[in-house]
There are 2 protein chains.
Amino acid sequence: MFLAVEKYGGTSVGSVERINAVADRIATARQRGESLVVVVSAMAGETNRLLDLATKVDPDALAREMDVLVSTGEQVTIALLSMALHKRGIDARSYTGGQVRILTDSIHGKARIRDIDAARVRTDLELNRVVVVAGFQGVDDDGNITTLGRGGSDTTAVAMAAALEADECRIFTDVDGVYTADPRIVPEARRLDQITVEEMLELASQGAKVLQTRSVEFAGKYHVPLRVLSSFEDGPGTLITHEASDMEQPLISGIAYNRDEAKVTIRGVPDQPGAASRIFGPISKAHLNIDMIIQNVAQDGTTDVTFTVNRDEYPEAMSLLNKTAKELNARDVVGDDTLAKIAIVGVGMRSHSGVAAMMFETLAAEGINIELISTSEIKISVGVNDKYLELAVRALHKAFGLDGEGTEEQLAEAKDS
Amino acid sequence: MFLAVEKYGGTSVGSVERINAVADRIATARQRGESLVVVVSAMAGETNRLLDLATKVDPDALAREMDVLVSTGEQVTIALLSMALHKRGIDARSYTGGQVRILTDSIHGKARIRDIDAARVRTDLELNRVVVVAGFQGVDDDGNITTLGRGGSDTTAVAMAAALEADECRIFTDVDGVYTADPRIVPEARRLDQITVEEMLELASQGAKVLQTRSVEFAGKYHVPLRVLSSFEDGPGTLITHEASDMEQPLISGIAYNRDEAKVTIRGVPDQPGAASRIFGPISKAHLNIDMIIQNVAQDGTTDVTFTVNRDEYPEAMSLLNKTAKELNARDVVGDDTLAKIAIVGVGMRSHSGVAAMMFETLAAEGINIELISTSEIKISVGVNDKYLELAVRALHKAFGLDGEGTEEQLAEAKDS
């Protein structure tokens, strides 16, 4: 029997009406003869309501108790969806993360899944039941409730699919697939029929908010066939593949951006072994998410190190870095919290070295100054002042032929170089 | 170390402000050197909000999923209270019923506690932590979430106190103790310093809504010292004792009433074996709660059977009984849904037979007709038309000296007889 794991996010289950719509969709899949595990998020708004309560009690609330609190959000949804399925004559059974059981480490609020004991779920599937699982949550070895962090329901779905060796994992969301760029910024953006895991990873980590990065990593690692599709309209969505198809790849698959960035630079760091670890040790201990790290070659025995952080972690990063600067006898620390990151992603660029040059030329032609550059094998990221974000994304979308009309000449040029 | 289990109901934790007030109260108890386990209900209004959601999805929602849903209410409270304690520098740790673990049977919505594995809680207490436990919930053998039914948090508290052999179980509520009668009806009603478990049971089942009956039974069975007190003001509350003190007992301890009653009479039932079971079989199958049952001696080979039900179950009781009447060839069925029940309760009446007579005289003097009478060893209940309820309660309160001034003559008379 075809086994699908389906995941519905907060907007898709945001009201009783929408929960009923999800139940209808599941009923249809059952009529197709599919066996189903359904992973759901908290109803839209519910997590924020709970966070507000916690903030009122203690703005620095303990992470363990935050997890106890916010995990109730998904628990409400699994109960309501199971009720809606029962009403449609479908035998369904709800499970919290702890009940499944989804075993995680003990990093509250950002836990990672270690293991899934799917025996109970398998028994239910054999009894022809739909299994409804609370996303985003698990338990640690001591039975404490943990959460995987925001967006973690995607990870739950992929991990369940891997544990059950499901035939497909479908992530239902409020968009109908992965686009060449954010359609709110680029009206010409097109839905991709498929994309590789690597490309998806680069896009997701750059702020293409369709899928949580970790869930894509999981899908890649365990070879889970992953499909992103809309819970509001029918359509094939985008399939995330594990290998590029034999056909020639497009030069780039998509453009991602992230507006809420900041950059921090520690200047005049004495160039000696261990400096980097003394800079990033405290940052890591504080669990700040750093992304791009740039260190230029040393001049006069000192070097400058720049890295980017989420904008809301900027003040903490600055304060940590100022302390480190004193300890290292570095000259000073400067920062800027008006940074936006833009990345072009594509497995096609592996074999075409002209892509970077074309990206820089396109931005230069628009008068956009590039503040940071960082590259990987299938991605080129740049940091620009956030006021240029929309302009930059639109210009790049056009330059790389993603509009569909194509600027043949430019493309040919890039491919040839 | 003195170990207290404290329970705070929905009103006491109904807002962030009130949760902070509870945390302050716990901080004070800690300063007295007490070791504490705190059992909490869902914030006032939360359970109804969840029930409304369920009703929208399916008015006949599965009991298993209802429990998954409503148990989130207490889970929110334990997290918030633990946060509030941490903010006060108190090491606290929250547990759901399943985490404790409170093992119940599998009757969803009305589960009974079978066993409590308090090892984890004991370890926390040894580490000088305050343990915060979700009331009203547990898990069955298969790990399914169960709830004890409304008001079940009291039971959780008493059961935890029994399992931990606590020195005292304190039920904090919105009244400052058990009263001789409902102060809304009798302004002269007085708070009782103590009352026996038996008296409390009779009062609770008659509608003195201070404590859930099952929790008092539990306290009696496991000899848990139980105290009812207000979470809004300081005061000693009422201690529920396991044996009457050596001092002479008051004649009666309190007066309870229940306004929402109805009576149903099946008349002219052929007086033959099996008649009662054929009358009450269908009633029991329909899960109607019957209370008083009165059957007079037979006359002319037939008898009349009367019983009382909650007013909202009156139509169903009438319809069931009409069917039974036909099957039994009974004459007819009559009913009245304007009944109120009033009971006087006191272990003192065991040795004083004049109490019933005094009750009847008092009501007669006010011109109140008694429609039904039922007695137990420590209680006398009567049914009267509900329009007389306030008058009857006030007259009895005065007659039995509960006003505090005492009508010495009457009391002496009753005790002598």
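The values are calculated or read from the model by the stated rules, or taken from the named source; none is laboratory data. None of the values given here were measured: they were computed from a predicted structure. Here Cβ is always computed from backbone atoms with ideal geometry, including for glycine, and neighbour counts include all displayed protein chains.
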Residue under evaluation A:G274, criteria (1) in contact (Cβ under 8 Å) with a residue 12 or more places away in the chain; (2) more than 22 Å from the chain's Cα centre (by Cα), criterion not met:
(1)
So which of B:M66, B:M83 is outside any strand (DSSP E or B), at the interface with chain A (Cβ under 8 Å from one of its Cβ atoms) and touching a His at 6+ places or on another chain (Cβ under 8 Å)?
B:M66
Assess whether B:A29 counts as being farther than 30 Å from B:A92 by Cα and either away from chain A (no Cβ under 14 Å) or surrounded by 15 or more Cβ atoms within 10 Å (Cβ to Cβ) (or both).
no
In region A:274-328, what residues are modelled with pLDDT of 90 or more and of a type in the set (K, R)?
A:R311, A:K323, A:K326
Looking only at region A:87-103, how many residues end up being assigned to a loop (DSSP other than H, G, I, E, B) and touching a Ser or Thr at 6+ places or on another chain (Cβ under 8 Å)?
1
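When region B:127-178 is examined, which residues are found to be assigned to a strand (DSSP E or B) and within 14 Å of chain A (Cβ to nearest Cβ)? It would help to see each step written out before you state the result.
To start, the set of residues in region B:127-178 that are assigned to a strand (DSSP E or B) comprises B:130-134, B:137-139, B:145-147, B:168-173.
Matches in region B:127-178: B:V130, B:V131, B:V132, B:V133, B:A134, B:Q137, B:G138, B:V139, B:I145, B:T146, B:T147.
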Select from region A:3-17 the residues that are in contact (Cβ under 8 Å) with a residue 12 or more places away in the chain and assigned to a helix (DSSP H, G or I) and list them in ascending order.
A:V16
Looking only at residues in region A:104-126 that are polar (S, T, N, Q) and outside any helix (DSSP H, G or I), which one is surrounded by the fewest Cβ atoms within 10 Å (Cβ to Cβ)?
A:S106
Per the filter on region A:279-292, residues in a helix (DSSP H, G or I) and surrounded by 15 or more Cβ atoms within 10 Å (Cβ to Cβ) are A:I279, A:F280, A:P282, A:I283
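Per-residue answers, yes or no, for (1) assigned by TED's automatic domain parsing to the domain that holds A:K326; (2) surrounded by 14 or more Cβ atoms within 10 Å (Cβ to Cβ):
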site: A:Q212; (1), (2): no, yes
site: A:L239; (1), (2): no, yes
site: A:Y257; (1), (2): yes, yes
site: A:V264; (1), (2): yes, yes
site: A:S277; (1), (2): yes, no
site: A:I294; (1), (2): yes, yes
site: A:T303; (1), (2): yes, yes
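Would you point out which residue out of B:V216, B:V228, B:V158, B:V197 is over 24 Å from B:S35 (Cα atoms) and outside the structural domain of B:I380 (by TED's automatic domain parsing)? It would help to see each step written out before you state the result.
Details: B:V216 fails: over 24 Å from B:S35 (Cα atoms); B:V228 fails: over 24 Å from B:S35 (Cα atoms); B:V158 fails: over 24 Å from B:S35 (Cα atoms).
Just a single option satisfies the conditions, and that option is B:V197.
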Condition test on A:E74, is it of a type in the set (D, E), outside any loop (DSSP other than H, G, I, E, B) and facing chain B (nearest Cβ under 8 Å)?
no
So which pairs qualify, if the first residue must be in region B:349-373 and closer than 13 Å to B:Y388 by Cβ, the second must be part of a loop (DSSP other than H, G, I, E, B) and polar (S, T, N, Q), the Cβ gap must be under 9 Å, and the two must be at least 6 apart or on different chains?
B:L363/B:N369
Is there a residue in region A:36-52 that is at pLDDT below 95, surrounded by fewer than 18 Cβ atoms within 10 Å (Cβ to Cβ), out of contact with any Leu (no Cβ under 8 Å at 6 or more places or on another chain) and more than 30 Å from B:A23 (Cβ to Cβ)?
yes
If I ask for residues that are farther than 24 Å from A:Q99 by Cα, assigned to a helix (DSSP H, G or I) and either more than 7 Å from chain A (Cβ to nearest Cβ) or in contact with a His (Cβ under 9 Å, 6 or more places away or on another chain) (or both), which ones from region B:41-63 would you list?
B:N48, B:R49, B:D52, B:T55
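When you check A:T72 against the structure, is it over 21 Å from the mean Cα position of the chain (by Cα), closer than 30 Å to A:A286 by Cα and without any contact (Cβ under 8 Å) to a residue 40 or more places away in the chain, yes or no? Outline the logic, then answer.
On the way: over 21 Å from the mean Cα position of the chain (by Cα): yes; closer than 30 Å to A:A286 by Cα: yes; without any contact (Cβ under 8 Å) to a residue 40 or more places away in the chain: yes.
So A:T72 passes the test.
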Of the numbered conditions (1) away from chain A (no Cβ under 14 Å); (2) under 24 Å from B:H223 (Cβ atoms), B:I107 satisfies every one except a single condition; which is it?
(2)
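Among the residues of region A:244-254, are any among the hydroxyl-bearing types (S, T, Y), more than 27 Å from A:G401 (Cα to Cα) and modelled with pLDDT under 90?
Residues of region A:244-254 among the hydroxyl-bearing types (S, T, Y): A:245, A:253.
Imposing the further condition that a residue be more than 27 Å from A:G401 (Cα to Cα) reduces the set to none.
Scanning region A:244-254 turns up no residue that is among the hydroxyl-bearing types (S, T, Y), more than 27 Å from A:G401 (Cα to Cα) and modelled with pLDDT under 90.
Look at region B:86-103 and say how many of its residues are under 19 Å from B:V13 (Cα atoms) and either more than 7 Å from chain A (Cβ to nearest Cβ) or crowded, with 23+ Cβ neighbours inside 10 Å (or both).
Start the filter on region B:86-103 by keeping residues that are under 19 Å from B:V13 (Cα atoms), which leaves B:86-88, B:90, B:92-97.
Now drop any that are not either more than 7 Å from chain A (Cβ to nearest Cβ) or crowded, with 23+ Cβ neighbours inside 10 Å (or both), which leaves B:88, B:90, B:92-97.
So the count comes out to 8.
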Can you tell me which residues in region B:8-26 are under 25 Å from the mean Cα position of the chain (by Cα), of a type in the set (G, A, S) and within 14 Å of another protein chain (Cβ to nearest Cβ)?
B:G14, B:S15
Scan the strands (runs of 3 or more DSSP E) fully inside region A:331-401 and keep the ones with 1 or more residues being surrounded by 15 or more Cβ atoms within 10 Å (Cβ to Cβ) and in contact with a Gly (Cβ under 7 Å, 6 or more places away or on another chain).
A:332-345, A:372-376
Going residue by residue through region A:79-90, is there one that turns out to be within 25 Å of A:L53 (Cα to Cα), of a type in the set (A, V, I, L, M, F, W, C), modelled with pLDDT of 95 or more and touching a Leu at 6+ places or on another chain (Cβ under 8 Å)?
yes
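Is it the case that A:G152 is crowded, with 24+ Cβ neighbours inside 10 Å and at pLDDT below 95? Working first, answer last.
Working: crowded, with 24+ Cβ neighbours inside 10 Å: yes; at pLDDT below 95: yes.
So A:G152 passes the test.
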